[in-house]
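I have placed the structure first, in the form of structure tokens, so that the comments after it can refer back to it.
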Amino acid sequence: MNDEVPLDDEEFDAGLLEEELRRAAVILDPLPAELRQIAVEAYALHDLDARIAELTFDSVVDAIPVRGAGDVPRMLTFRAGEVTVDVEVTAQGLMGQVLPPQPARIEVLSGPQSAAPLLADDMGRFTTDAPLSGPFALRLRTGGEVVVTEWLRA
């Protein structure tokens, strides 16, 4: 026997159900405050007008390893349209070049804390002595254009 009463579409309020489910989730599985803060700060890093630079070369994946070589730098190449960024990542920091050569302001994104921006010279070269740890990306501002690289793990 089926004692269920059929629901009338006019009586069913999806908005009310959603609100009740949200309240239950807050009580039964609350979002940690640290995670909420990280999410808010990550959204602040979002540039709606930025072009995403695609990773086209990663020496960890694309290069042939040299036997006996230890502590070799990681070489990365990103491309967004006509802009190319070559980056060398070492335990001591990173250095790179924007091509075609041009001045640029580069920010190393590595979580909620923003690092001091790097300035690329007229040849497009930039460097930092701050070692990278964890996920990172680069945000470049060249003239009126903003380019953001994919996120990678150092």
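Could you work out the local net charge near ASP58, counting Lys and Arg as +1, Asp and Glu as -1, over the other residues with Cβ closer than 14 Å to its Cβ? Taking every Cβ under 14 Å from that of ASP58, the sum is -2.
Around GLN102, under 12 Å between beta carbons, what's the net of Lys plus Arg minus Asp minus Glu among the other residues? Taking every Cβ under 12 Å from that of GLN102, the sum is -1. Taking every protein chain into account, the 1.4 Å probe leaves LEU152 with about 20 Å² of accessible area, to the nearest ten.
Taking all protein chains together and a 1.4 Å probe, the residues GLU54, GLU88, GLU150 rank GLU54, GLU150, GLU88 from largest to smallest accessible area.
Count charges around THR77 for me, please; just the other residues with Cβ under 12 Å from its Cβ, Lys/Arg as +1, Asp/Glu as -1. Value of the local net charge: -4.
Computed extension gain for ALA116 through ARG36, at 0.36 nm per residue and net of the alpha carbon distance, reaches 26.4 nm.
The values are calculated or read from the model by the stated rules, or taken from the named source; none is laboratory data. These figures come from a predicted structure and were not determined experimentally. Every residue, glycine among them, receives a Cβ derived from its backbone with ideal geometry; neighbour counts consider all protein chains shown. These area figures cover heavy atoms from the full protein model, side chains too; ligands, DNA and RNA do not enter into them. Shrake-Rupley method; radii C 1.70, N 1.55, O 1.52, S 1.80 Å.
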